[in-house]
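Written out below as structure tokens is the structure these notes cover.
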Amino acid sequence: MTGRQRARGLLTAALRRTPAVLLTLALLAAAAAPARPQAAPPTQPTPHQQLLRDIYKELVEINTTDTPAGDNTRAAQAMAARLRGAGFPEEDVKVLVPAGNARKGNLVARLRGTGARKPLLLLAHIDVVEARREDWSEGLDPFKLTERDGYFYGRGTGDDKAMAAIFVANLIRYRQEKFRPERDLILALTADEEGGDFNGAEFLLKEHRPLVDAEFGINEGGGGRHRQGTPLFNGVQASEKVYQSFTLEAKNKGGHSSLPDRDNAIYRLAAGLDRLAKFDFPVNMGEVTRAYFERMSKIEKGQTAADMLVVAGERLDPVAVERLASQSAYYNALMRTTCVPTLLQGGHAENALPQTARATVNCRILPQESAADVERTLSRILADDQIKVTPVARSKPSPPSPLRAEVMQPVERLTAEMWPNAPVIPVMGTGATDSLFFRQVGVPMYGVSGLFSDIDDNRTPGRDERVGVRELYDSQEFLYRLVKTLSSAK
């Protein structure tokens, strides 16, 4: 089998589970860079790494799911005890518990600097998705940190207790080194990012805004990818699409199925959905997406590279757009708002004409567009005033964070130092993180961790979630240097 055939085989297998953008980057970078075997993790961690490991273990082994067994407050209190034990003053370490939600506590801590510049926020959520022991492999308990074959296993090892533990360990290291930044460093560890009836980031902004007010912040949402130990790219998430679902509902007087009428609620709704299926929202390129395609054009080749360079520019070429959109659902989603039916319900009895037909349409809206405009567009495309369009819940807009040189240049420099030949790629998240709440109030957020994971083996937040031992310690060092750079003299 030739190298080209092997590459095609890898791509075909990975397409079943990996977004096209990551596969494109992976395949091209792997072809351009010589294979480099992954170094074995250190047998004896440094003192800083050992501290991280101890904190990480403690966090992973506290159940913080949104279940009766979960307790985010306990985890926040454990991290507070770590910081106080390292000498942080009592007034700079606060566990904030909302009224009526005793298990949804949040930690806010501060390493004080000179105050020459506005603070830097270090944000991580410490709640996790539910996991059942019987669903995991033999010898692995989701709520026990297990080190095996160069990996740490456990629920939250990747999402998001790695960053939380790293931030705590690095704050302690800064204090030990008597580091005095020009900015205060604010750590916020929050509850219910993964879901539930409460959100810690939103709570802190509403009830304790002065404690978390910052010039900008770092959060999850980015991260790196590697294949067989070879780093491929380091992503910086600077924007997110806005999640918004709508209910489409058609009603009818109904009747007996033996006397059918062409005015049928199911027919009416189906015709509207067919019109929606044939519609594409207009292309609307933002700064982050333009930067993404511009940098990708230097990695891709041939027509794809040429098309990317075109869509990154000011001139809109429908032919280039169509080629990219038809090549990859991910490229299409980067360029425009998307709406797709995800749930369908109709009728009430086998022998009766339907009185109601209902569909749920899930939209992922570009951050520079509004849910109200999308709702109006849906009504126009459905072209039937008897199909009622109703938002399922209030949308949570998330304006993009500018690609500030003050942030991007240190990320690029440190990435080049630690992972040579791995490009830094700005990305727009197709999901959502707690960054959206801070972006809403004017605090730019950047999803960047330097935590590399296997592009062909994404287990977060699924069975046998894991993070490489070496990758965790590399992320610790990357974030240690990055935060120090962002909070020090220019």
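Take the eigenvalues of the Cα gyration tensor for the chain, scale each by 5, and report the square roots as semi-axes in whole Å, largest first.
Numbers: eigenvalues 324, 164, 108 Å².
The answer is 40, 29, 23 Å, longest axis first.
For the range 114-207, what does the alpha-carbon gyration tensor say about shape, rounded, prolate or oblate, given a ≥ b ≥ c as the root eigenvalues, a/c under 1.5 as rounded, and a/b over b/c as prolate? Kindly include the intermediate steps, with their values, before the conclusion.
Working: a/c = 4.67, a/b = 1.56, b/c = 2.99.
Taking the square roots of the gyration eigenvalues as a ≥ b ≥ c, the range 114-207 is oblate.
What translational diffusion coefficient, to the nearest whole µm²/s, does the range 434-490 have by Stokes-Einstein, given a Kirkwood radius computed over alpha-carbon pairs, a temperature of 25 °C and 0.890 mPa s viscosity? Don't jump to the answer; show the numbers that get you there.
Working: Rh = 13.7 Å.
Reported coefficient: 179 µm²/s.
How big is the dipole moment of the chain about its Cα centre under a simple scheme where the beta carbon of each Lys and Arg is +1, that of each Asp and Glu is -1, and everything else is neutral? Debye, nearest 20, please.
Details: 64 positive and 61 negative charges, 167 e Å.
The calculated dipole for the chain is roughly 800 debye.
Which parts of the range 101-136 would a label at Ala69 reach, counting a residue when its backbone N lies under 14 Å from a point 7 Å out along Cα-to-Cβ?
Answer for the range 101-136: 128-136.
Mind checking the range 237-296 for chymotrypsin sites (Phe, Trp or Tyr not before Pro) that DSSP puts in a loop (not H, G, I, E or B) and that have at most 13 other Cβ atoms within 10 Å? It would help to have the intermediate numbers written out before the result.
Values: sites: Tyr243, Phe246, Tyr267, Phe279, Tyr292, Phe293; in loops: Phe279.
Answer by residue number: Phe279.
Given a Förster radius of 22 Å and the C-beta distance between Glu134 and Gln50 as r, what FRET efficiency does 1/(1 + (r/R0)^6) yield to the nearest 0.05? Walk me through the numbers on the way to the answer.
On the way: r = 32 Å, r/R0 = 1.47.
Step by step, r from the Cβ atoms, then E = 0.10.
Out of Ala188, Leu120, Phe203, whose Cα points farthest toward the positive end of the dipole of the chain (charges: +1 Lys, Arg; -1 Asp, Glu; placed on Cβ)?
The listed residue farthest towards the positive side: Leu120.
So how much slack lies between Lys278 and Glu314, counting 0.36 nm per residue of separation and subtracting their Cα-Cα distance, in nm? Before the final figure, lay out each step's value.
On the way: separation 36, 0.36 × 36 = 12.96 nm, distance 2.65 nm.
So the extension gain works out to 10.3 nm.
Can you give the net charge of the other residues whose Cβ lies under 11 Å from the Cβ of Asp307, counting K and R as +1 and D and E as -1? Walk me through the numbers before you get to the answer.
Working: positive: Arg323; negative: Glu300, Asp317, Glu322.
Net local charge, Asp307 excluded: -2.
Show me the ranking of peptides 270-277, 215-222, 349-356 by mean Cβ neighbours inside 10 Å, starting with the highest.
On the way: 270-277: 15.6, 215-222: 23.5, 349-356: 14.1.
Top to bottom by mean Cβ count within 10 Å: 215-222, 270-277, 349-356.
Taking only DSSP H segments of four or more residues, each worth -39500 (n - 2.57), what value at 222 nm results for the chain once the sum is divided by all its residues, to the nearest 500 deg cm²/dmol?
Numbers: 16 runs with 182 residues, N = 490.
So the helix-based figure for the chain works out to -11500 deg cm²/dmol.
Considering the options Val93, Ala214, Gly302, tell which one lies farthest towards the positive end of the dipole of the chain, charges being +1 on Lys and Arg and -1 on Asp and Glu at the Cβ, about the Cα centre.
Gly302
Please report the Cα spread of the range 340-486 along all three principal axes, rounded to whole Å, starting with the longest.
Each principal axis gives a Cα extent; for the range 340-486 these are 68, 37, 25 Å.
Spin-label point model (7 Å from Cα, Cβ direction): what's the Gln327 to Thr430 distance in nm?
Inter-label distance under the simple model: 1.6 nm.
What is the packing order of peptides 339-345, 232-238, taking the mean over residues of other C-beta atoms within 10 Å and listing the highest first? It would help to have the intermediate numbers written out before the result.
Working: 339-345: 13.7, 232-238: 26.6.
So the peptides 339-345, 232-238, ranked by packing, come out 232-238, 339-345.
From a point 7 Å beyond the Cα of His348 in the direction of its Cβ, which residues of the range 248-264 have a backbone N at a distance under 12 Å?
Residues 252-255 qualify, since their backbone N sits under 12 Å from the label point.
Report the FRET efficiency, 1/(1 + (r/R0)^6), for Ala81 and Lys253, where r is their Cβ-Cβ distance and R0 is 41 Å, rounded to 0.05.
Numbers: r = 65 Å, r/R0 = 1.59.
So, using R0 = 41 Å, E works out to roughly 0.05.
Coordinate-derived values only; no laboratory data. Everything numeric in this text was worked out from a predicted model, so none of it was measured. Please note: Cβ atoms are built from the backbone with ideal geometry, for glycine as well, and neighbour counts cover all protein chains shown.
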